[in-house]
Every structure is written in structure tokens, then in C-alpha cells.
Amino acid sequence: MSLKTESLQKHVRAWQAKLAGDPMRAERDKQERATRVAYYRAQTPDRIRAMTADEFYEYISKLWAMLIWGNKKYVVDKLIKEHDFAMVKSELAELVWGNLPIEQRWDRFRSAIKGVGPAMMSEILCSSRPEEYMLWNRRAYVGLDYLGIDHLPRYNYQVTGKRYRLLCDTAKEIIQEMRNEGIVDADFMTLDFFIWDELQVEDNLSQIHNKAGVVDAEEAEEIVKPEGVREFLHNEVRDKLERIGVWLGFSAKTEVKVAEGAVVDAVWESSIGNLGRVIYVFEVQTKGSIDSLIINLFKSMNNPAVQGIVAVSDLEQIERIKKEAAGIGPLRDKLKYWDYRKVLQVHDALELANESINSLGLVPESILSV
């Protein structure tokens with residue numbers, strides 16, 4: 001499918017009528033866009049590189065993408081802890097203001113910085129340079145899918161620099177139609193407000209995932225794609241396992257040594273009454289040797305706190321893992337299996353729930369940050 005121009009024009013006109021009927025809201029939205037862009041534009045490369053931890057927190061915490069977190073300080077502190085802070089700021093300055101093509105800047109940042117996904121990256125780019133870059137997130141997916149745009153990336157690992165540039169190119173066509181309909185100052189930030197207000201006609205995660213069937217052709221080939229793509233997939237699943245654990249109330253971490261010779265992709269940890277410390281271990285398999293995964297999981301059982309072990313992979317590899325584990329009694333009896341696509345869907349559902357709940361502001365950030 002290609003852009004449904006008539007449908008787009010209809011919704012642009014409806015949006016204009018809606019704003020014309022509520023001029024106070026129209027002015028408020030316009031001012032919000034202007035204030036946001038003014039703040040992020042003011043963060044020049046030199047200012048980004050010179051940021052203190054508090055200034056960096058302000059820069060990140062203003063993002064709409066951070067609404068999924070009740071405790072934003074947890075996210076920012078983790079980002080600083082897991083990287084050299086000066087390197088994070090330098091890479092951020094290069095992403096936003098660098099001279100290389102956006103494809104290269106995007107892929108470089110994603111390779112260097114863990115914990116900042118396409119939604120945050122694209123929002124920073126859109127807020128800083130709204131005439132050039134779009135904001136890509138779940139809402140944008142729903143809106144562009146409704147307008148008939150094909151081959152949209154549903155998962156973070158699919159949003160490479162090249163895909164992001166193509167998304168921006170497609171979004172420029174929509175912006176041009178908005179201008180043709182009389183919104184002469186439309187840019188990518190205006191587009192985001194339009195998508196949010198007018199194109200959330202199918203904002204249901206189960207429909208998003210089920211629409212193309214259980215496994216579409218592109219996803220069926222993921223595990224045999226080039227090493228770099230599989231690495232992004234592995235890291236996305238690993239990081240989202242951590243997020244799921246945090247949202248469920250566990251102390252969750254990635255790349256954890258749980259026993260001698262066993263460093264696993266993710267753990268969920270909790271203290272449960274008389275049981276004491278309880279650990280659930282997750283290993284993600286998108287590349288490498290299944291034998292190595294089996295050995296790593298088996299070694300993790302040497303930690304008496306490990307109460308659950310989960311192998312996360314695609315359905316084909318899960319069957320292979322089951323066969324390999326069948327001859328190892330203790331591991332066979334304890335090992336559970338989780339299709340990585342289900343992990344991504346669970347994450348998206350919890351993300352939506354957290355975003356909705358946190359937008360209510362029931363618990364002040366100052367309390368959560370203590």
C-alpha cells in the first residue's frame with residue numbers, strides 16, 4: 001500500500017476544524033511545541049558535552065518517551081552508571097548535531113549507548129530539529145499504518161538508521177499534504193500532534209501485533225539475518241526483559257554473574273518471606289552456539305537462589321534447545337521457554353499501561369527518586 005491521500009486530507013481537515021472550535025487548546029498546543037523546540041534547540045553540542053548530571057537528567061526527563069517510567073531518575077542514573085558519562089554526552093551531541101548522514105549517526109549511537117531506544121532518540125531529534133526528523137514511536141506506527149504505509153518497523157531492532165531515514169522521507173509527504181491543506185507552518189513536531197490527536201484509530205496493541213498474523217515474512221527470517229541485525233535483536237529482547245522485571249516490581253539487571261562461569265543476559269531478583277533471595281534467570285538466543293547457552297544455564301543452577309531458568313528464542317530454536325536439554329535431567333526439569341516475540345508483546349502492553357498510569361501523576365517524582 002501507499003499513502004492514502006484522500007484519507008489523510010479528510011483527517012487533516014477534521015483536525016483543523018477541531019482546533020478551530022477550541023482556539024484555546026490550539027494556542028496551548030502551539031505554545032507547547034514552541035517551548036519544547038526552543039529548549040532542545042538551545043542545547044548546542046558544546047552545551048550537551050558540558051552538561052552536569054542534573055542538567056542531563058532535565059534533558060532526558062522532559063521527553064514524552066519517559067512517561068513509561070514512574071521513577072525517571074532510575075533510568076538516567078542507570079544510563080550514566082553503565083557508560084562513561086562524557087562518552088554518552090559526546091555521542092548524544094554527535095547524534096543530534098553531527099554532520100554525517102542521519103543513517104550513520106543513528107546506527108553509531110545505537111551501537112554505543114545501551115538503554116536509549118528509537119522512541120527517545122527520534123524524540124530528541126524531532127524536538128531539536130523539527131524541520132528534518134520525525135518522532136517514531138507506537139503512536140506513529142498506528143498512524144502511518146492507518147494511512148496505508150507498508151513495511152513499517154514494529155520493533156526497535158528493526159529501526160536501523162536507513163529505516164529511520166526512509167520513515168522521515170515518508171513523513172515529509174504527509175507534512176506536504178498538511179501544508180497543501182493550509183497548515184503552512186507544519187513540521188515534524190506538528191505532525192506528531194496531528195498523529196496523536198487524529199490518527200489513533202487502532203490504538204490497540206493486540207490488533208497491532210495480530211494484524212499481520214502470528215509471524216510475518218520479515219520476522220520469520222530474523223534469526224538468519226546478518227550478525228549486526230541479530231545483535232540488535234538480542235540486545236532489545238535482553239533490555240526489555242529487564243524492563244518487564246522492573247515494572248513487575250523485581251530488582252532487574254542485565255549481564256549478571258549468577259554463579260562461577262555463568263554470566264546471564266537478564267535476572268529478576270526479589271526477597272520473598274522465609275525463602276530469602278529468589279533469582280529468575282533469562283538467556284536470550286539469537287546467535288551463537290546452543291551448547292554454550294545450555295552450559296551457561298546449567299552453571300547458573302549452582303547458585304541456590306536461582307529458582308527459575310528461562311531460555312528466550314524463536315520457536316525453531318526453542319525446539320532445538322529442548323532437545324539439547326533433554327539429556328540433562330536437573331536442567332530439563334527446571335528450564336522454561338519463552339518465544340521472544342511474546343516478550344516484545346508483553347513489554348509493549350506493560351509500556352502502554354505504565355504510560356497511562358504515570359500520566360495521572362498519582363505519585364510525585366520526588367518521592368520515587370528518594
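The values are calculated or read from the model by the stated rules, or taken from the named source; none is laboratory data. Note that the coordinates shown come from a computational prediction; the quantities given were computed from them, not determined experimentally. So basically every Cβ, Gly included, is an ideal-geometry build from the backbone, and we count neighbours across all protein chains shown.
Scanning region 341-354 for any residue that is within 24 Å of Glu82 (Cβ to Cβ) and loosely packed, with under 13 Cβ neighbours inside 10 Å turns up nothing. Scanning region 47-60 for residues that are in contact (Cβ under 8 Å) with a residue 40 or more places away in the chain and surrounded by fewer than 18 Cβ atoms within 10 Å (Cβ to Cβ) turns up just one, Arg49.
Taken over region 6-57, the criterion of being within 28 Å of Leu79 (Cα to Cα) and either of a type in the set (Ser, Thr, Tyr) or outside the structural domain of Ile174 (by TED's automatic domain parsing) (or both) is satisfied by Thr35, Tyr39, Tyr40, Thr44, Thr52, Tyr57. Is there a residue being part of a helix (DSSP H, G or I) and within 13 Å of Trp106 (Cβ to Cβ) anywhere in region 176-193? The answer is no, given that none of the residues of region 176-193 is part of a helix (DSSP H, G or I) and within 13 Å of Trp106 (Cβ to Cβ).
Listed by position, the helices (runs of 4 or more DSSP H) inside region 16-113 whose residues that are over 20 Å from the mean Cα position of the chain (by Cα) and among the acidic types (Asp, Glu) number at least 2 are 23-41, 53-61.
It is to be established whether one or more residues within region 157-164 are in a helix (DSSP H, G or I), under 25 Å from Tyr39 (Cβ atoms) and either β-branched (Val, Ile, Thr) or modelled with pLDDT of 95 or more (or both). Yes, region 157-164 contains a residue that is in a helix (DSSP H, G or I), under 25 Å from Tyr39 (Cβ atoms) and either β-branched (Val, Ile, Thr) or modelled with pLDDT of 95 or more (or both). Can you find even one residue in region 177-188 that is of a type outside the set (S, T, N, Q), closer than 29 Å to Phe232 by Cα and either in the same structural domain as Ile102 (by TED's automatic domain parsing) or touching a helix residue (DSSP H, G or I) at 6+ places or on another chain (Cβ under 6 Å) (or both)? Checking region 177-188: at least one residue is of a type outside the set (S, T, N, Q), closer than 29 Å to Phe232 by Cα and either in the same structural domain as Ile102 (by TED's automatic domain parsing) or touching a helix residue (DSSP H, G or I) at 6+ places or on another chain (Cβ under 6 Å) (or both). Asp216 meets each of the listed conditions (1) over 19 Å from Lys342 (Cα atoms); (2) exposed (fewer than 13 other Cβ atoms within 10 Å of the Cβ); (3) at pLDDT below 90; (4) out of contact with any Lys or Arg (no Cβ under 7 Å at 6 or more places or on another chain) apart from (1).
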